[in-house]
Structure formats: C-alpha cells, structure tokens
Amino acid sequence: VRSHQNVSGDASEVARLLSTTTTTLVAGCPNGGPIAAVTIPLLSSGISGSSASAGGGKGIMGSSGFGSKTTIRIMNNAGSILAKIPFPPPKHELMDLSTTSSTAVLQHRGPGDILTIGFTSRCVLVVVLRDSLTLCYDLSGKSVLPPFFALKFNSGNHHTASPSRGGQVKLSGTELLEARVYEGGCAVLGVDMNSSIVELLDEHDDPAYADGMDISSRRIVPKSSAFSSSSSSSSDHDPTRGDDSPFFLAPPPHYAIVTPLPTAMFSRSKHLSFGCIAVLPRQYSPSGRPELFLSTSDGSVVVAEANPSTSPNNGLTDVDCRSRINDGGGMGSSSAPIISMAFAPNGRFLACFTSNSVLTVVSTTFESKVLEFNTSSGSSSPPRSMAWCGEDSVVLHWKNLGVLLVGPYGDWLRFPYGEDDEMGTAAMTGSRVGDSEVYLVQEMDCCRVLTSNVVELLQRVPPGTADLLRIGSIEPGALLLDASDAFDSGSSNADEAARSITAREGY
C-alpha cells in the first residue's frame, strides 16, 4: 500500500486497493458508548464471511497476504482515539488445560485469525478468534481476563496443541462457524456443530448466580485472583474453576462462565446442521440464564438452555416454527432456512431473515407472528447486517442499496448510504457519497449508523411526537401546541384553543 501510494499519490486509489484486500470489523458499546474497529484481511479462500458486523461474525479460517500485525482501536463517537490494542499481543499467559499450572506461550497469530469483536453492556470489549480463543479488554485497552478458549476441541478435556516456529507449542481450540457477542458475553458455534455460551460477569453480580452454574461449566478468573491457585480442588484439574466458598464471599472484579452445549449430538441425531445463532439475555429468558437460539438447515429454530445437565432433553428444544416463518410471504417456499437473527432490545421479539429474502418478526416464544416483509424485489442477496431500531423497527443494510428501515406495520423507508449518487439525493437525505461501508449499532431507542465520515442516529418518530405534529390532530398535546402558537402570535384564538382542551377532557 505504501509503495502504491508513493507512486500514484492518489488517496482514492489507495482506498480502492484497501477495499479489495481488507475489511474492517466495527462494534459499538451500548447506550451511545465508544466504538471499536479493527482492520483484517479478506479471506483468500473461496468461502465468504461476515465482512463487517457489530457483534457477530461468520467464516472459515483462511490465509491471506495481509501483514502479521494490526491494531484494535477504541474511539469515541467523534473519532478521537481512547485506546489502541496491538494484535497479536507480544505474549499470552495462556492456561494449559492439561495441567494445573500456567504456561507462557508465544502465539503466532495474525489479523486474519480475528472472527468478530463486540461490546457487552458492562463496557467489556470481546475479541473472538477463529479457533474460539477469546480476549477481553476494558475501555482503556487493558486485559481484564486471561485468554481462554470458548469451545474445547471436540468437546474433549484438552485443547489441541501443535508445534510452531521456534519449537514452541501453539494451543488451538475448535474452528468456529459463527460467533456472536451480546450484552452479557458471547456465544460461539463450531464447524462440528458444538456450541457454548460465555457469560461475562463482574463484582456487581450476585456470586450465588455463578455458584449455581451448570456442572459442565468452567469458570475463568483473572490470573491475579486467589481463585486461580485453588484449582487442585477441582476434580477435572481445570485451573479456571476455583473453590466455591471464597468465591462466594469475595468474587473477583471480572470473571467468566463458559458453558458447553450438546448441540452437536442433537445435530447428528436429527440429521441437520445449524446456520446462524442469536442469544436471548438472561433477564428476558424464563430460566433466568441466557438461551442460545440456533437456526437449522430445515427451516426451524432450536433453543439451547445454559443448564443442560439439569434440563430435560439436555436443555435443547425444537420450537418447530417452520410453518410460521417459512410460508415465504406467498412465495411457495416451505423450507427456507433462517440465515440471520436478531433480538429486540426488550427481548420480546425476534427478527428472522430467511434465505428466500423474507424478513419475519415473531415473538420470542414463537407463538405469534408480528411482521412479514418480502425484500426480494430490492435484492435477492442477504443483507450485510441487520439490527433493531428501538423496540419496534428493524434496520437492514445492503451494499450499494443503502439502509432499509421496516416499521411495525410493514411501512418502510430507504436511506441511500454509500450510493454513487449523481442527482444529489445523498445530500438531501444526509447520506455521504463514497461511504460504501456502513455499520449498524443497535440501541434501546434508536440505531447508530456508522460510516467512515459520520455517526448518525436513525430513529422512528415516536407515536407521541407523531400525534403532536400530525395535521389536524385533536390530541391534547396538539391542541396545547396550537394554543401556545396562538398566544405567542397575540391571537385571541389562544384562549379558545386552551378551553377546547378542558372541554375535550371533561374538566
């Protein structure tokens, strides 16, 4: 890139070169918090992955000619750098799960190993690599937990170990198909259809919650914590699980619970595979623990609870939503699998996008369908990202088509982000020409739209505001606004407008 820049001196040529060889993962901290971004190489293999998503990623491990190092940047919404995290770190103090001691291992990893990044609601940045190695940082770029594998190799007791250059041993976990960061941690799905849920907790959580974790779960604590040295009491010699009594009395500032889920067994018994995942946070689930939703190849959804050892059927339930979701909006398809899912901020609804380009919104219990919207007329390809805009609208983004906002009654608006607009539409709508990369950050009451130039808020007009400003509205707020305008203009109609409010309300 530097040599190309020196020769041509054209920044646009360099930008085009980077767009064809690299991609940028972007994630936003909830509630308008900081933004994290990292540039990684495009996979050279023929398998495509999620190019840039806030909180989720897909793909199979591939090689690339990209450099051996990159930087994870944490910045505010104005673009000012808050912290820089070099990747890969010079050394990892990884825990060798075959022994009770810690071994300093130099990891030969590159930017292409990063699968996804995302923030939790506690402002912890989670970086998930393609072999399920998980890194956790605070907003200052400091590591809050030792690196750990979210998914063990073949669900066995040990990770694989392969020699690397210099005679050192490189630990590796299970290759991932997808990873999703949510407000309470992250979830991963391996290529072997095994999965796990990682709950990131801190000192403000009730220690009794961690004490009641599943028997198959393991606990990750900081190396400086006294609990990391008490692993000898664990029956499986897992140094990430400490003694329960001191942990209950004084939990560490940050810790994690990793719960493996027996989804591979279910996949083999039902002769199906899983496609995408979504996590329902524990505060919205009936069990009080997070639940993993996995779409199946036959068009249904499987719900996996985070306590498989004590739940019927290993905590796995096929909700059998094929007829409810896969009627295809009249397209005649009966088995279109779901390729993308996203939960509403209040946990009441689930947005599902199927392979036949139909957006379906159902309740979390799959008992009712709220919305069905066919997008095939605009594009037959799946959206690059999908998120909620508040609690009643869904936002989808397609490259070169812009951002589509779908309301609760099927009403929609399109915002042409990233289009090469010669007629000035971009200037009228607020879009920036040349912003081909668009990232969506889901918020409680809006959706942040991030581009290389700006951060914008996309929000559906609240019903109260619509009632206030609608032409001919007779709502009390609208009548009061008319009375205020009349009073400011010195009109005698101000008193009449004010009296009409009391008369309408019966005062």
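For region 274-302, the tally of residues that are farther than 16 Å from Arg348 by Cα, at pLDDT 95 or above and small (Gly, Ala, Ser) stands at 1. The residue that is modelled with the lowest pLDDT, counting only those in region 98-121 that are open to solvent by 20 Å² or more (accessible area, probe 1.4 Å) and closer than 29 Å to Leu280 by Cβ, is Asp113.
Table: residues versus (1) of a type in the set (Val, Ile, Thr); (2) under 42 Å from the mean Cα position of the chain (by Cα).
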site: Val461; (1), (2): yes, yes
site: Gly464; (1), (2): no, yes
site: Leu469; (1), (2): no, yes
site: Leu480; (1), (2): no, no
site: Asp488; (1), (2): no, no
site: Asp495; (1), (2): no, no
site: Arg499; (1), (2): no, no
site: Ala503; (1), (2): no, no
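Would you confirm whether any residue within region 122-142 is at pLDDT below 95, aliphatic (A, V, I, L, M), surrounded by fewer than 17 Cβ atoms within 10 Å (Cβ to Cβ) and in a strand (DSSP E or B)? No, every residue in region 122-142 fails to be at pLDDT below 95, aliphatic (A, V, I, L, M), surrounded by fewer than 17 Cβ atoms within 10 Å (Cβ to Cβ) and in a strand (DSSP E or B). Quickly run through region 246-300 and pick out the residues that are on the phi > 0 side of the Ramachandran plot and open to solvent by 50 Å² or more (accessible area, probe 1.4 Å). Hit for region 246-300 is His271, nothing else.
Of the listed requirements (1) modelled with pLDDT under 85; (2) assigned to a loop (DSSP other than H, G, I, E, B); (3) open to solvent by 60 Å² or more (accessible area, probe 1.4 Å), Asn453 misses just one: (1).
All conditions in (1) within 29 Å of Val449 (Cβ to Cβ); (2) surrounded by 12 or more Cβ atoms within 10 Å (Cβ to Cβ); (3) at pLDDT below 50 hold for Glu93, with the sole exception of (1).
To keep it simple, each residue is scored yes or no on (1) among the hydroxyl-bearing types (Ser, Thr, Tyr); (2) in contact with a Phe, Trp or Tyr (Cβ under 7 Å, 6 or more places away or on another chain); (3) open to solvent by less than 10 Å² (accessible area, probe 1.4 Å); (4) farther than 28 Å from Tyr439 by Cα.
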residue	(1), (2), (3), (4)
Ala306	no, no, yes, yes
Ser323	yes, no, no, yes
Thr364	yes, yes, no, no
Trp398	no, no, no, no
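Among the residues of region 181-204, those that are open to solvent by less than 10 Å² (accessible area, probe 1.4 Å) and either in contact with a Cys (Cβ under 6 Å, 6 or more places away or on another chain) or small (Gly, Ala, Ser) (or both) comprise Gly185, Ala187, Gly190, Ser195, Ser196, Val198.
The values are calculated or read from the model by the stated rules, or taken from the named source; none is laboratory data. This is a predicted model, so every value here is computed, not measured. Methodologically, a virtual Cβ is constructed for each residue, glycine included, from the backbone with ideal geometry; neighbour enumeration extends over all protein chains shown. Only protein heavy atoms, including side chains, enter the accessible area calculation; ligands, DNA and RNA are left aside. Shrake-Rupley method; radii C 1.70, N 1.55, O 1.52, S 1.80 Å.
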